[in-house]
Number of protein chains: 2
Amino acid sequence: MSIAEVLAVGTELLLGQVLDTNSQFLSDELARLGIDCYYHTTVGDNKRRVGNLLKTALSRSEIVITSGGLGPTPDDLTMECIAEVMGAEMVMDEKILEVIRSFFSERGIVMPENNEKQALRPSGADLLPNPTGTAPGIIWTITPERLKEAGIESVPELKSKNRYIMTFPGVPSELKNMWATTVVDFLQSKIVGAAIFSVELKHFGIGESALAEKYADLLAGRNPTVAPYAGNGECRLRVTGKSDDMANAREMVAPLVAAIQERSGNYCYGLDNSTLESVVGDLLKSQGLMISSAESCTGGLLSKRLTDVAGSSEYISLNVVTYSNQAKQSVLGVSEKILNEFGAVSPECAEAMARGVRKISGADIGIGITGVAGPSGGTEEKPVGLVYLGLAMGDTYVGKKLSLPARLGRTEIRHRTANEALNMVRLQLLERVNVNV
Amino acid sequence: MSIAEVLAVGTELLLGQVLDTNSQFLSDELARLGIDCYYHTTVGDNKRRVGNLLKTALSRSEIVITSGGLGPTPDDLTMECIAEVMGAEMVMDEKILEVIRSFFSERGIVMPENNEKQALRPSGADLLPNPTGTAPGIIWTITPERLKEAGIESVPELKSKNRYIMTFPGVPSELKNMWATTVVDFLQSKIVGAAIFSVELKHFGIGESALAEKYADLLAGRNPTVAPYAGNGECRLRVTGKSDDMANAREMVAPLVAAIQERSGNYCYGLDNSTLESVVGDLLKSQGLMISSAESCTGGLLSKRLTDVAGSSEYISLNVVTYSNQAKQSVLGVSEKILNEFGAVSPECAEAMARGVRKISGADIGIGITGVAGPSGGTEEKPVGLVYLGLAMGDTYVGKKLSLPARLGRTEIRHRTANEALNMVRLQLLERVNVNV
């Protein structure tokens with residue numbers, strides 16, 4: 001097990017102006033590779049403090065990953081600090097200078113002189129290409145002898161180990177791209193000494209502890225490993241296989257993934273980057289169906305999430321947000337009787353909304369959502385967090401009642417309601433497949 | 001200028017399962033109080049590493065703020081580590097134990113034995129109450145002598161200074177609440193030795209450097225200070241006054257805020273926690289107007305943001321997402337001629353959408369949005385990022401064309417489009433006030 005740590009460099013982070021999401025991304029990726037991460041540290045654009053931290057990091061960790069401080073301004077001093085700590089010269093990479101120059105000239109701009117600096121790197125360090133930006137990084141392999149030469153004391157456990165410094169710009173999209181295109185391979189071949197392949201199985205409608213209990217037998221496995229994660233109102237199981245080569249690692253993981261999918265049934269909604277909305281989109285496309293939603297308390301959130309998916313115009317023609325009773329009546333044809341007798345927050349109204357929007361849009365599926373998102377508007381009978389969902393499709397109608405805790409607050413109540421609506425659609429479309437088979 | 005640092009404790013952070021937002025919040029708050037923050041460090045639930053970090057932090061910073069590790073499980077060891085580093089006993093606070101017990105009994109649950117632990121704190125430390133959760137924190141004032149006694153070496157600059165340890169649970173809402181109710185006062189009275197009051201002026205439609213240039217004369221001021229910040233597609237100017245008492249600090253800040261509002265004119269859309277959508281909501285309410293939107297490329301995002309604001313049912317009755325040409329025709333009455341001659345992405349269509357939705361909703365203001373959000377669907381003539389906005393109100397019609405760079409991507413293109421739509425409404429409503437006056 002190798003040990004890594006992450007240094008985020010930038011005064012804007014210490015002033016609270018920018019949220020650091022890179023450290024989380026890097027940690028998650030390191031965990032996937034079975035590399036331990038013991039520290040994240042954030043430090044400002046200060047030469048002495050960055051230098052001291054680098055020394056500490058190199059003494060106690062094998063892999064030191066930095067983000068930020070690679071820009072063209074005098075503030076950007078990560079590379080300089082690394083060179084200084086290692087007692088190395090900065091050398092100009094003429095090829096990189098050419099790449100940076102052409103990055104500008106392609107955009108019809110003369111390269112500012114400042115940017116020359118981005119082609120400098122410590123002598124001995126290898127290039128870490130940045131396909132989408134001007135600031136490349138480095139991957140530097142440092143032997144124990146070289147570390148000692150630089151005057152850096154190692155902790156006893158790591159005395160005989162190489163060190164690796166990897167630098168990234170702070171821009172998250174560039175960092176992710178550089179990670180995927182170069183670093184994963186490097187870490188697998190040079191450090192982990194194995195190919196690692198992992199798949200995440202995303203679950204909805206089951207809690208983390210229930211999931212862990214259900215898969216207690218698998219969680220004890222050593223290779224592939226199975227580990228549960230929770231966050232953002234859903235649970236994931238990550239299956240990770242380790243082997244000499246990638247094809248083998250994939251082969252080890254595949255049957256376990258299939259077995260979990262089988263055992264989880266409809267709790268498992270997809271793999272890796274799937275979202276509830278993307279899975280619903282795929283099901284709609286494959287079945288050639290159109291969907292249409294009528295929202296009240298979620299105010300357009302469901303529509304927004306459905307259309308977050310690129311290409312969603314294939315299965316969405318019309319969604320409406322009928323916030324007032326009047327709009328529910330005039331646009332969706334919800335009857336006055338329903339509104340007077342049961343109220344807007346009622347199973348009857350959710351049903352009329354779902355059927356109504358299906359009718360006016362001509363879609364195959366109509367969704368109705370009505371509830372109390374809060375913070376005000378709740379009553380003893382209909383408290384904040386009470387939501388009714390309806391799904392109309394052909395001769396089928398499915399209704400659902402949610403009683404969410406008011407303390408979750410407006411945003412979370414709306415988010416979870418949209419999750420439940422998407423999941424209702426998913427389950428309905430899956431059932432349809434099964435019936436047709 | 002005092003020096004603080006932030007320690008986030010939790011293995012889930014180092015595994016990338018949870019994004020740390022507390023460090024950003026704390027840094028922003030420290031900056032407002034004029035307290036420097038030199039480091040954020042994240043460490044796992046490991047006694048030795050937490051202990052070592054605490055020692056390092058206490059040696060180099062006056063204020064050490066921890067988040068996380070106050071829960072009831074054996075993993076939660078922040079308090080224990082602090083006691084150990086300081087060579088202090090853990091003592092049971094019977095009053096707190098009672099508070100925690102009643103927290104459970106009010107919810108009809110017997111307190112699990114584990115939770116007793118949360119009433120323990122190092123002898124000598126004061127309580128930092130947690131009004132919304134079971135885990136209170138501590139504020140511990142440590143004299144230079146006491147620090148020495150604990151065997152912790154101070155950096156020379158801070159040898160004669162007190163140290164302050166403050167602990168918070170990791171739950172962001174609890175941390176924020178504890179900060180606001182207890183810590184701000186403590187820091188102002190005990191550490192800053194002054195009352196600090198700051199106001200943020202939020203700007204839209206002007207870039208950070210233009211803003212800095214416009215206010216170059218003010219940025220040099222010492223008290224109150226004026227500082228520009230950028231992030232999330234908008235700019236802010238923060239005015240901070242420092243005085244013996246809060247009333248004075250407020251008085252110092254107020255005229256400068258008024259002067260900036262005057263000079264910025266409509267670029268400044270609000271103060272502190274205002275958002276474009278909340279400001280639009282306030283204007284609509286004060287003018288007694290209703291709004292209605294017809295979205296295509298934003299797919300419900302504008303509706304979602306308008307209804308993010310609690311109480312928005314006062315000014316919203318109906319919004320529609322007409323994604324297909326057919327829906328634009330049948331629901332909004334956009335003519336076939338417009339769609340055939342100019343296409344769905346055209347100023348003509350945006351206008352017909354705005355007028356159409358105003359008509360069917362009976363609202364005072366109708367908004368139309370149509371464009372190409374990408375990633376596909378762009379043509380040479382109508383590339384990804386081309387968006388037309390329309391606002392219809394009484395006899396007034398205002399149209400706007402956006403040419404956003406395609407490289408921003410679908411999410412950001414939609415976000416910026418919604419920003420522009422909200423800003424159009426804001427400017428229109430402001431103009432109306434001015435005309436009426």
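The values are calculated or read from the model by the stated rules, or taken from the named source; none is laboratory data. Note that the structure is a prediction, hence the values are computed from the model and not measured. Ideal geometry is used to build each Cβ from the backbone, glycine not excepted, and the neighbour counts take in all protein chains shown.
Considering every residue within the stretch B:23-42, establish whether at least one is β-branched (Val, Ile, Thr) and surrounded by fewer than 18 Cβ atoms within 10 Å (Cβ to Cβ).
no
What is the residue count in the stretch B:12-51 for residues that are under 20 Å from B:Glu84 (Cα atoms) and either of a type in the set (Phe, Trp, Tyr) or facing chain A (nearest Cβ under 10 Å) (or both)?
Residues in the stretch B:12-51 being under 20 Å from B:Glu84 (Cα atoms) and either of a type in the set (Phe, Trp, Tyr) or facing chain A (nearest Cβ under 10 Å) (or both): 6 in total.
Please indicate, with yes or no, whether at least one residue in the stretch B:168-175 is at pLDDT below 95 and hydroxyl-bearing (Ser, Thr, Tyr).
Within the stretch B:168-175 (the criterion being at pLDDT below 95 and hydroxyl-bearing (Ser, Thr, Tyr)), the answer is yes, since at least one residue qualifies.
State all residues of the stretch A:342-355 that are more than 13 Å from chain B (Cβ to nearest Cβ) and buried (at least 23 other Cβ atoms within 10 Å of the Cβ); if no residue qualifies, say none.
Within the stretch A:342-355, A:Cys349, A:Ala350, A:Glu351, A:Ala352, A:Ala354 meet the criteria.
Scan the helices (runs of 4 or more DSSP H) fully inside the stretch A:149-238 and keep the ones with 3 or more residues being under 23 Å from the mean Cα position of the chain (by Cα) and within 30 Å of A:Gly44 (Cβ to Cβ).
Values: elements: A:172-178, A:208-214, A:216-219.
Because the criterion is at least 3 residues that are under 23 Å from the mean Cα position of the chain (by Cα) and within 30 Å of A:Gly44 (Cβ to Cβ), the helices (runs of 4 or more DSSP H) in the stretch A:149-238 that meet it are A:172-178.
Run B:Ser59 past the list (1) within 27 Å of B:Gly87 (Cβ to Cβ); (2) away from chain A (no Cβ under 11 Å); (3) in contact with a Leu (Cβ under 7 Å, 6 or more places away or on another chain); (4) surrounded by fewer than 24 Cβ atoms within 10 Å (Cβ to Cβ) and report the number of the one that doesn't hold.
Of the numbered conditions (1) within 27 Å of B:Gly87 (Cβ to Cβ); (2) away from chain A (no Cβ under 11 Å); (3) in contact with a Leu (Cβ under 7 Å, 6 or more places away or on another chain); (4) surrounded by fewer than 24 Cβ atoms within 10 Å (Cβ to Cβ), the odd one out for B:Ser59 is (3).
If A:Val9 satisfies every condition in (1) farther than 27 Å from A:Ser243 by Cα; (2) crowded, with 24+ Cβ neighbours inside 10 Å; (3) at the interface with chain B (Cβ under 8 Å from one of its Cβ atoms) but one, which is the exception?
(3)
Quick one: A:Thr73 ticks every box in (1) touching a residue at least 60 places away in the same chain (Cβ under 8 Å); (2) over 23 Å from A:Lys190 (Cα atoms); (3) within 14 Å of chain B (Cβ to nearest Cβ) except a single one, so which number is it?
With respect to (1) touching a residue at least 60 places away in the same chain (Cβ under 8 Å); (2) over 23 Å from A:Lys190 (Cα atoms); (3) within 14 Å of chain B (Cβ to nearest Cβ), A:Thr73 is out only on (1).
For the stretch A:213-233, does any single residue satisfy the condition of being of a type in the set (D, E, K, R) and within 14 Å of chain B (Cβ to nearest Cβ)?
no
Give the residues of the stretch B:1-17 that are over 23 Å from the mean Cα position of the chain (by Cα) and of a type in the set (A, V, I, L, M, F, W, C), sorted by residue number.
B:Met1, B:Ile3, B:Leu14, B:Leu15 - these are the residues of the stretch B:1-17 that are over 23 Å from the mean Cα position of the chain (by Cα) and of a type in the set (A, V, I, L, M, F, W, C).
All but one of (1) part of a helix (DSSP H, G or I); (2) touching a helix residue (DSSP H, G or I) at 6+ places or on another chain (Cβ under 6 Å) hold for A:Glu412; state the number of the condition that does not hold.
Evaluating A:Glu412 over (1) part of a helix (DSSP H, G or I); (2) touching a helix residue (DSSP H, G or I) at 6+ places or on another chain (Cβ under 6 Å) leaves (2) as the failure.
Name the pairs: first residue in the stretch B:317-341 and touching a residue at least 12 places away in the same chain (Cβ under 8 Å) and more than 7 Å from chain A (Cβ to nearest Cβ), second residue surrounded by 24 or more Cβ atoms within 10 Å (Cβ to Cβ) and among the basic types (Lys, Arg), Cβ to Cβ under 6 Å, at least 6 apart or on different chains?
B:Val334/B:Lys328
Checking the conditions here, which among B:Glu62, B:Glu80, B:Glu113 is in contact with a helix residue (DSSP H, G or I) (Cβ under 8 Å, 6 or more places away or on another chain), free of Cβ contacts under 8 Å to residues at least 60 places away in the same chain and assigned by TED's automatic domain parsing to the domain that holds B:Thr141?
B:Glu80
If we keep just the residues of the stretch A:255-276 that are in contact (Cβ under 8 Å) with a residue 40 or more places away in the chain and part of a helix (DSSP H, G or I), which is farthest from A:Thr417 (Cα to Cα)?
Here the residue is A:Val257.
Taking the conditions exactly as written (at pLDDT below 90, under 19 Å from B:Arg263 (Cα atoms) and of a type in the set (S, T, N, Q)), does B:Ser209 satisfy them or not?
Yes: the conditions hold for B:Ser209.
Residue-by-condition table, conditions (1) in contact with a His (Cβ under 6 Å, 6 or more places away or on another chain); (2) surrounded by fewer than 16 Cβ atoms within 10 Å (Cβ to Cβ); (3) not assigned by TED's automatic domain parsing to the domain that holds B:Glu412:
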site: B:Met166; (1), (2), (3): no, no, yes
site: B:Thr181; (1), (2), (3): no, yes, yes
site: B:Phe204; (1), (2), (3): no, no, yes
site: B:Ser209; (1), (2), (3): no, yes, yes
site: B:Arg222; (1), (2), (3): no, yes, yes
site: B:Gly233; (1), (2), (3): no, yes, yes
site: B:Lys242; (1), (2), (3): no, no, yes
site: B:Met246; (1), (2), (3): no, yes, yes
site: B:Tyr267; (1), (2), (3): yes, no, yes
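What do you reckon, is B:Ser2 more than 9 Å from chain A (Cβ to nearest Cβ) and over 23 Å from B:Thr143 (Cβ atoms)?
No, not satisfied.
For the stretch A:376-390, name all the residues that are within 29 Å of the chain's Cα centre (by Cα) and either within 12 Å of another protein chain (Cβ to nearest Cβ) or over 26 Å from A:Arg355 (Cα atoms) (or both).
Once the filter is applied, which keeps residues that are within 29 Å of the chain's Cα centre (by Cα) and either within 12 Å of another protein chain (Cβ to nearest Cβ) or over 26 Å from A:Arg355 (Cα atoms) (or both), the stretch A:376-390 yields nothing.
Go over the candidates B:Ala135, B:Ala83 one by one and state the one that is closer than 21 Å to B:Asn177 by Cα and surrounded by 13 or more Cβ atoms within 10 Å (Cβ to Cβ).
On the way: B:Ala83 fails: closer than 21 Å to B:Asn177 by Cα.
None of the others qualify; the one that does is B:Ala135.
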